[in-house]
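Nothing in this text is a laboratory measurement; each read-out follows from the coordinates by a stated rule. The structure displayed is predicted, hence computed values, not measured ones. Cβ coordinates were reconstructed from backbone atoms using ideal geometry, including for glycine residues, and neighbour counts include every protein chain displayed.
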Amino acid sequence: MNRTHAGTLSLLRGGSGAPFVLLHPLALAGELWRPLAARLDRFDVLTVDLRGHGESEWDGEPFSIEDMAADLAGTLDVLGLDEISLLGMSMGGSVAMTFAGKYPDRVRSLVLADTTAWYGENAATAWAERAGKAAETARPDQLPFQLDRWFSPGFRESGPDEVDRVCEIFLHTDSRVHAAASVAMGALDARPLLPSISANTLVLAGEHDYATPPSMAGDLANAIPGATLEILPGLRHLSLVERPGLVTMIRRFLENV
């Protein structure tokens with residue numbers, strides 16, 4: 001995959017075929033998707049660094065999930081991509097559903113993994129606390145909390161190289177943008193946009209994901225017209241990283257749309 005800068009965002013791009021954009025979780029980057037992207041060579045795969053993450057720009061000012069969706073729209077304009085398939089996981093899923101709800105004509109198919117449109121009544125307070133910890137705690141000291149959420153205990157033992165790779169991406173993320181994006185997640189409420197999504201939609205959730213549990217995935221599937229829900233046995237929050245073989249399901253979904 002080759003590095004491209006389009007507008008304010010940076011991305012990796014490779015493969016050929018219909019465009020398929022992948023959006024990463026909080027405090028990670030488009031590099032996360034490299035192993036999955038390698039299995040999608042029949043698509044023009046674009047793995048985007050969201051605002052302030054990876055090599056994308058950030059002016060240091062507060063921003064929202066809607067701002068990140070607008071960043072994506074601007075980047076696609078620069079690239080001349082009018083219609084895409086779109087996958088987002090966790091924060092990337094929140095950006096993806098926001099984009100699909102605001103720009104329904106631009107999304108042909110949508111995959112939402114381990115994500116939500118709303119974190120509940122106490123979201124702002126809970127995420128403000130997380131933002132404070134992200135800003136004030138040394139990044140290596142944040143890893144135990146993250147690892148328990150990201151991966152099942154078995155995978156942490158059986159896949160140490162992949163676990164270490166994800167940890168390195170996290171460690172290189174600016175703590176300030178991690179905090180700012182956490183505040184944005186606390187303010188998220190994309191529920192009003194969900195009925196406007198016209199893309200064929202697949203919602204995925206790790207069975208043991210306690211960051212965005214299957215009940216949240218069920219709410220998404222119920223609110224998005226015609227959406228399909230799949231619960232993934234044994235997985236936690238980074239389901240598609242822990243089990244990249246799920247790309248077969250995703251590829252089948254995209255090719256049958």
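Which of the residues belonging to the stretch 112-132 are part of a helix (DSSP H, G or I) and either surrounded by 16 or more Cβ atoms within 10 Å (Cβ to Cβ) or in contact (Cβ under 8 Å) with a residue 12 or more places away in the chain (or both)?
Applying the first criterion (part of a helix (DSSP H, G or I)) to the stretch 112-132 yields 123-132.
123, 124, 125, 126, 127, 128, 130, 131, 132 - these are the residues of the stretch 112-132 that are part of a helix (DSSP H, G or I) and either surrounded by 16 or more Cβ atoms within 10 Å (Cβ to Cβ) or in contact (Cβ under 8 Å) with a residue 12 or more places away in the chain (or both).
Please state which one of 183, 163, 177 is without any contact (Cβ under 8 Å) to a residue 24 or more places away in the chain, more than 16 Å from residue 113 (Cα to Cα) and among the hydrophobic types (A, V, I, L, M, F, W, C).
That would be 163, the only listed residue that is without any contact (Cβ under 8 Å) to a residue 24 or more places away in the chain, more than 16 Å from residue 113 (Cα to Cα) and among the hydrophobic types (A, V, I, L, M, F, W, C).
Tell me, please, whether a residue that is closer than 26 Å to residue 248 by Cα, in a loop (DSSP other than H, G, I, E, B) and touching a Pro at 6+ places or on another chain (Cβ under 8 Å) can be found in the stretch 28-49.
The answer is yes, given that some residue of the stretch 28-49 is closer than 26 Å to residue 248 by Cα, in a loop (DSSP other than H, G, I, E, B) and touching a Pro at 6+ places or on another chain (Cβ under 8 Å).
For the stretch 50-73, name all the residues that are more than 18 Å from the chain's Cα centre (by Cα) and either of a type in the set (Gly, Ala, Ser) or closer than 28 Å to residue 253 by Cα (or both).
60 - this is the single residue of the stretch 50-73 that is more than 18 Å from the chain's Cα centre (by Cα) and either of a type in the set (Gly, Ala, Ser) or closer than 28 Å to residue 253 by Cα (or both).
For every residue, the table says whether it meets (1) within 17 Å of residue 244 (Cα to Cα); (2) touching a Phe, Trp or Tyr at 6+ places or on another chain (Cβ under 9 Å); (3) among the hydroxyl-bearing types (Ser, Thr, Tyr).
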| site | (1), (2), (3) |
| --- | --- |
| 135 | no, no, no |
| 139 | no, yes, no |
| 142 | no, yes, no |
| 158 | yes, no, yes |
| 161 | yes, no, no |
| 165 | yes, no, no |
| 171 | no, no, no |
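Only one of these is among the small types (Gly, Ala, Ser), in a helix (DSSP H, G or I), within 20 Å of residue 250 (Cα to Cα) and out of contact with any Cys (no Cβ under 7 Å at 6 or more places or on another chain): 93, 88. Name it.
93
For the stretch 39-71, which residues satisfy the criterion of being in contact with a strand residue (DSSP E or B) (Cβ under 8 Å, 6 or more places away or on another chain), surrounded by 14 or more Cβ atoms within 10 Å (Cβ to Cβ), farther than 19 Å from residue 187 by Cα and not aromatic (Phe, Trp, Tyr)?
40, 44, 45, 46, 47, 48, 49, 54, 55, 56 - these are the residues of the stretch 39-71 that are in contact with a strand residue (DSSP E or B) (Cβ under 8 Å, 6 or more places away or on another chain), surrounded by 14 or more Cβ atoms within 10 Å (Cβ to Cβ), farther than 19 Å from residue 187 by Cα and not aromatic (Phe, Trp, Tyr).
For the stretch 186-201, indicate whether the set of residues that are in a helix (DSSP H, G or I), farther than 21 Å from residue 88 by Cα and of a type in the set (Lys, Arg) is non-empty.
From the stretch 186-201, those in a helix (DSSP H, G or I) are 186-187, 191-196; that's our starting set.
From what's left, farther than 21 Å from residue 88 by Cα: none.
Within the stretch 186-201, not a single residue is in a helix (DSSP H, G or I), farther than 21 Å from residue 88 by Cα and of a type in the set (Lys, Arg).
In the stretch 134-159, how many residues are polar (S, T, N, Q) and either crowded, with 17+ Cβ neighbours inside 10 Å or in contact with a strand residue (DSSP E or B) (Cβ under 6 Å, 6 or more places away or on another chain) (or both)? So that I can check it myself, show each step before the final result.
Initially, the stretch 134-159 is screened for residues polar (S, T, N, Q), giving 137, 142, 146, 152, 158.
Restricting the remaining residues to those that are either crowded, with 17+ Cβ neighbours inside 10 Å or in contact with a strand residue (DSSP E or B) (Cβ under 6 Å, 6 or more places away or on another chain) (or both) gives 142, 146, 152.
Total satisfying the criteria: 3.
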